[in-house]
Amino acid sequence: MKIKTKIAALTGIVSALLICSAVQASEYEITQEHKTFKQNGEKVERLQVKVGDTVAFRNGDRFFHNIYSLSDTKNFDLGSYRKGTARSVTFDKVGLAEIECAIHPEMYMEVEVIR
Amino acid sequence: MKCLKNMRGSGRMVLTALGCAALVVLSANAKVDNDPYLRPEMVPAPADNAPNEARVELGKALFFDPRLSGSKWISCATCHNPALGWSDGLPKGIGEGMKELGRATPTILNTAYNKLQMWDGRFRSLEEQALGPIQANVEMHKDMKALIAELKKISGYSEMFEKAYPGEGVSEKTLAKAIASFERTVVSTESAFDRWRMGDDHAVADEVKRGFSLFEGKANCSRCHQGFNFVDDGFHNIGLKGNTDQGRFAKVPVKVLKGAFKTPTLRDIELTAPYMHNGAYKTLEEVVDHYSRGGDMKEGLDPNIEALNLSKQEKSDLVAFMKSLTGKPMDITVPHLPN
Ligand SMILES: [Cu+2]
């Protein structure tokens, strides 16, 4: 009995947390197709997000990509990953992040992080 | 118009009437026009340096002129020799004082289409690149100021510069622009593979066709060697044995770039042995063996590379395909240098 209530309470808290984060932060998906960053099938040069938002980078090409940024706003290296898979970054600071692919330097976009 | 823009072949700006006629026929075929495996007629050039005959002629003279070097015996063509597929046939280049350079001399064929120049992509344009080797101590070892002063004293050159770049003078900038203009005429010519793509089924043997299927399919080559120039303008560590050169990593410090080099063109590949940035392989057979076993150094290996375990037949098919990429010989004439 006791255990059950605990679990119920825990589930409550967890779902509350999930809902909270869903309200506050958004998730975006950027795909890589033909060595181009795209959002909903359109080439994207700059994406505006709010502090706390997450961007998933999904590889739509039959070869690997390696998305990274060396900018102060967000310094990250997602490593190399294959077609169909995605890796995410959460932007936690206001500013401009220059996003590139290490393997294909012609791939470039910016993420503008605002309050 | 199209014919005038075309610079297929040896740097001649105007094609013969026959060439024009052939191109018109070609353009009428939409399928051929859109084929990513055929070289686009237009050679890209910056807006402030559109090639013309005077610019190409000046650039060609400079390219072949050893007076551009400190020793006065090394020209661009010493290392980028048209008789050796615009390379030097050596595992690594040899420069000033017969000293060996750190890397192999790449061909300059189709460099006009490159997004970045050099094995590590450190230069953006051919204009930027051209000034590098002249001043590099290990290559041509020449002081730029002194060179410009010397060129100004050669009256033939003053005239050529004036014709090519009216009012711009003899300068570092016009020197680089002229050399780049010449390099933009060094582009791949029609190969048996191209004739096959254009519809001539008998242009290549069956082994070539099988090799091409492998190249695009099972052997995964086209994950990196893409389109008519067989490049992805990208950088990869293909796991060469004993390599200690950091390559692209020195420029962009991201883990995957340790030991990564720019994907080279496969056009005229038969003519430019030995292969790789360090001249590791003497033959195309050795190169295919390398890929078949999935490279040697597993540390930092590009994830696109995996062991292929190709059969003997598959290996020779791949080599046959690569040999079908050799274009018709360019009829390049050696310039008379101005005095
Ligand atoms: Cu990429």
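The values are calculated or read from the model by the stated rules, or taken from the named source; none is laboratory data. Everything numeric here is computed off the predicted structure, so don't read it as measured data. For neighbour counting, all protein chains shown are included, and Cβ atoms are generated from backbone atoms with ideal geometry for every residue, glycine included. Surface areas here come from the heavy atoms of the whole protein model, side chains and all, with no ligands, DNA or RNA. Shrake-Rupley method; radii C 1.70, N 1.55, O 1.52, S 1.80 Å.
Looking only at the range B:153-200, which residues are among the small types (Gly, Ala, Ser), part of a helix (DSSP H, G or I) and over 20 Å from the mean Cα position of the chain (by Cα)?
If the condition is that a residue be among the small types (Gly, Ala, Ser), part of a helix (DSSP H, G or I) and over 20 Å from the mean Cα position of the chain (by Cα), then B:155, B:156, B:158, B:164 are the ones that fit.
(1) in a helix (DSSP H, G or I); (2) surrounded by 15 or more Cβ atoms within 10 Å (Cβ to Cβ): which one isn't true of residue B:294, the others all being true?
Result: residue B:294 fails condition (1) only.
Determine, yes or no, whether residue B:228 is of a type in the set (Phe, Trp, Tyr), in the same structural domain as residue B:263 (by TED's automatic domain parsing) and outside any helix (DSSP H, G or I).
Yes, satisfied.
With the structure loaded, tell me whether residue B:148 is at pLDDT 95 or above and either crowded, with 19+ Cβ neighbours inside 10 Å or in a loop (DSSP other than H, G, I, E, B) (or both) or whether it fails that test.
Numbers: at pLDDT 95 or above: yes; either crowded, with 19+ Cβ neighbours inside 10 Å or in a loop (DSSP other than H, G, I, E, B) (or both): no.
The answer is no for residue B:148.
Please find, within the range B:274-305, the residue that is nearest to residue B:234 (Cα to Cα) out of those that are of a type in the set (S, T, N, Q) and in contact with a Leu (Cβ under 8 Å, 6 or more places away or on another chain). Steps first, please.
Applying the first criterion (of a type in the set (S, T, N, Q)) to the range B:274-305 yields B:278, B:283, B:292, B:304.
Remaining after also requiring in contact with a Leu (Cβ under 8 Å, 6 or more places away or on another chain): B:278, B:292.
Values: B:278: 18, B:292: 21 Å.
The qualifying residue nearest to residue B:234 (Cα to Cα) is B:278.
Filter the range B:85-134 down to the residues that are open to solvent by less than 50 Å² (accessible area, probe 1.4 Å) and acidic (Asp, Glu), then identify the one that is farthest from the other protein chains (Cβ to nearest Cβ).
My answer is B:96.
I'm trying to understand the selection: among the residues of the range A:53-75, which are open to solvent by less than 30 Å² (accessible area, probe 1.4 Å), more than 15 Å from the ligand (Cβ to nearest atom) and not acidic (Asp, Glu)? Reasoning before the result, please.
Of the residues in the range A:53-75, the ones open to solvent by less than 30 Å² (accessible area, probe 1.4 Å) are A:53-57, A:59, A:61, A:63-69, A:71, A:73.
Next cut, more than 15 Å from the ligand (Cβ to nearest atom) only: A:53-56, A:71, A:73.
Across the range A:53-75, the qualifying residues are A:54, A:55, A:56, A:71, A:73.
Among A:47, A:96, which is the only one that is out of contact with any Ser or Thr (no Cβ under 9 Å at 6 or more places or on another chain), more than 12 Å from the ligand (Cβ to nearest atom) and in a strand (DSSP E or B)?
Residue meeting the stated conditions: A:47.
Go through the range B:94-146 and give me each residue that's touching a residue at least 40 places away in the same chain (Cβ under 8 Å), of a type in the set (Phe, Trp, Tyr) and in contact with a strand residue (DSSP E or B) (Cβ under 7 Å, 6 or more places away or on another chain).
Hit for the range B:94-146 is B:119, nothing else.
If the Cβ limit is 6 Å and pairs must be 6+ apart or interchain, which residue in the range B:154-178 that is closer than 15 Å to residue B:337 by Cα pairs with which residue that is in a helix (DSSP H, G or I) and open to solvent by 30 Å² or more (accessible area, probe 1.4 Å)?
Listed pairs, sorted by first residue: B:178/B:55.
Taking residue B:233, is it part of a loop (DSSP other than H, G, I, E, B), surrounded by fewer than 21 Cβ atoms within 10 Å (Cβ to Cβ), touching a Leu at 6+ places or on another chain (Cβ under 9 Å) and within 11 Å of another protein chain (Cβ to nearest Cβ)?
Answer is yes for this residue.
Please determine, by comparing only the residues of the range A:23-44 that are within 14 Å of another protein chain (Cβ to nearest Cβ) and either more than 16 Å from the ligand (Cβ to nearest atom) or touching a residue at least 60 places away in the same chain (Cβ under 8 Å) (or both), which one is nearest to residue A:89 (Cα to Cα).
A:32
Among the listed residues B:246, B:226, which satisfies the condition of being out of contact with any helix residue (DSSP H, G or I) (no Cβ under 9 Å at 6 or more places or on another chain), within 14 Å of chain A (Cβ to nearest Cβ) and on the phi < 0 side of the Ramachandran plot?
Result: B:226 is the single residue among B:246, B:226 that is out of contact with any helix residue (DSSP H, G or I) (no Cβ under 9 Å at 6 or more places or on another chain), within 14 Å of chain A (Cβ to nearest Cβ) and on the phi < 0 side of the Ramachandran plot.
Looking at B:271, B:284, which one is away from chain A (no Cβ under 14 Å) and open to solvent by less than 20 Å² (accessible area, probe 1.4 Å)?
Exactly one residue qualifies, and that residue is B:284.
If the requirement is being out of contact with any Ser or Thr (no Cβ under 6 Å at 6 or more places or on another chain) and more than 14 Å from every other protein chain (Cβ to nearest Cβ), which of these qualifies: B:300, B:295, B:327?
On the way: B:300 fails: more than 14 Å from every other protein chain (Cβ to nearest Cβ); B:327 fails: out of contact with any Ser or Thr (no Cβ under 6 Å at 6 or more places or on another chain).
The unique qualifying residue is B:295.
Please find, among A:81, A:108, the residue that is within 15 Å of the ligand (Cβ to nearest atom) and open to solvent by less than 40 Å² (accessible area, probe 1.4 Å). If you could, list the steps in order and put the result at the bottom.
Working: A:108 fails: open to solvent by less than 40 Å² (accessible area, probe 1.4 Å).
Just a single option satisfies the conditions, and that option is A:81.
Give the residue that is farthest from the other protein chains (Cβ to nearest Cβ), with candidates limited to residues of the range A:62-93 that are aromatic (Phe, Trp, Tyr) and assigned to a loop (DSSP other than H, G, I, E, B).
So, considering only residues that are aromatic (Phe, Trp, Tyr) and assigned to a loop (DSSP other than H, G, I, E, B), the one farthest from the other protein chains (Cβ to nearest Cβ) is A:91.
Restricting the search to the range B:249-268, which residues are touching a helix residue (DSSP H, G or I) at 6+ places or on another chain (Cβ under 6 Å) and open to solvent by 20 Å² or more (accessible area, probe 1.4 Å)?
B:249, B:258
Would a scan of the range A:40-48 turn up a residue that is of a type in the set (Val, Ile, Thr) and surrounded by fewer than 19 Cβ atoms within 10 Å (Cβ to Cβ)?
Taking every residue of the range A:40-48 in turn, at least one turns out to be of a type in the set (Val, Ile, Thr) and surrounded by fewer than 19 Cβ atoms within 10 Å (Cβ to Cβ).
I'd like the full set of residues that are more than 20 Å from residue B:269 (Cβ to Cβ) and either open to solvent by less than 10 Å² (accessible area, probe 1.4 Å) or assigned by TED's automatic domain parsing to the domain that holds residue B:110 (or both), limited to the range B:176-200.
B:176, B:177, B:178, B:179, B:180, B:181, B:182, B:184, B:185
Report whether or not residue A:114 is aliphatic (A, V, I, L, M), away from the ligand (no atom under 16 Å from the Cβ) and in contact (Cβ under 8 Å) with a residue 60 or more places away in the chain.
Yes: the conditions hold for residue A:114.
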